[in-house]
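Quick note: the coordinates plus some simple rules give every number you see, no bench work behind them. In this text, all values refer to a predicted model and were calculated from it rather than measured experimentally. Cβ placement follows ideal geometry from the backbone for every residue including glycine, while neighbour counts extend to all protein chains displayed.
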């Protein structure tokens, strides 16, 4: 149930029976040979599929996030924390004003996770609301399914390579890249990050069989749906 396919009268009527809404959080940043919008695409697709199953309105995803370490890669968009926190705050205010009281944020970008303190600050001013920040790719059962196939899986590797994040006429490397040392990466400015990580893959194969990927996706969908239905306090 995408909000773009609803009018305000339908939203008003829907709120009489259900106060939940879903907002995807993504990013536009380098993903090696995959789409720059991979995080946005994945969070938005998962949100739409789960929202359709649960009959919960899904808002258009926020396609930009906090990605300061990738700014040396052409195409990346980086929002300052103050900008991002203010943006999320204003969106939550708007959803609350409409009548939504349980808001699931399906996050597709690890760099957005520092927004959690801002969510708590917002909740302090809206004690009757609940906000669930769900890092879908890192959720327990989904990550267990990823590790079932390979422990070497990270940003821009096979674990984000779905048929809908792949680009036409782009050939993937056929080797497995050794895992990068993330602690070292965290100490570097963006110019040196680009030099350190090369093509952008943090480690792992570049592609796996689509049947394997659909097992991961189905697990992610089930885990997200369970949270949407039963994860509120």
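Value of Rg to Rh for the stretch 156-233, rounded to two decimals, is 1.09; Kirkwood radius and Rg both from alpha-carbon coordinates.
Label sites at residue 93 and residue 77, each approximated as a point 7 angstrom past Cα along Cα to Cβ, lie 2.1 nm apart.
Take every DSSP beta bridge whose two residues both sit in the chain, then give the antiparallel share in percent to the nearest 5. Roughly 10 percent of the beta bridges in the chain run antiparallel, per DSSP. Once the Cα atoms are used to define both axes, helix 81-98 deviates from the longest principal axis of the chain by about 30 degrees. Between residue 188 and residue 128, what's the calculated FRET efficiency when r is the beta-carbon distance and R0 is 45 Å? Round to 0.05. Given R0 = 45 Å and the Cβ-Cβ separation, E is 0.55.
For the stretch 99-126, no residue has its backbone nitrogen under 11 Å from a point 7 Å from the Cα of residue 86, taken along Cα to Cβ. Across q = 0.09, 0.12 Å⁻¹, the chain modelled as identical point scatterers on its alpha-carbon atoms has Debye log10 I(q)/I(0) values of -0.39, -0.68, in the order of the q list.
Restricted to Cα atoms, the stretch 49-180 shows a radius of gyration and a Dmax of 17.3, 51 angstrom. What separates the Cα centres of the stretch 1-56 and the stretch 166-226 is a distance of 23 Å. For 70, 162, the sequence from fewest to most other C-beta atoms within 10 Å is 162, 70. Mind checking the angle between helix 116-125 and the chain's longest principal axis? C-alpha axes, 0 to 90 degrees, to the nearest 10. For helix 116-125, the angle is close to 10 degrees. When 223, 141 are arranged by Cβ crowding within 10 Å, least crowded first, meaning fewest neighbours, the order is 141, 223. Hey, rough spin-label estimate for residue 150 and residue 49, points 7 angstrom out along Cα→Cβ, what's it come to in nanometres? Result for the modelled spin labels: 2.0 nm. How far, in degrees from 0 to 90, does helix 210-230 lean away from the longest principal axis of the Cα atoms of the chain, to the nearest 10? Long axis of 210-230 versus the principal axis of the chain: about 30 degrees.
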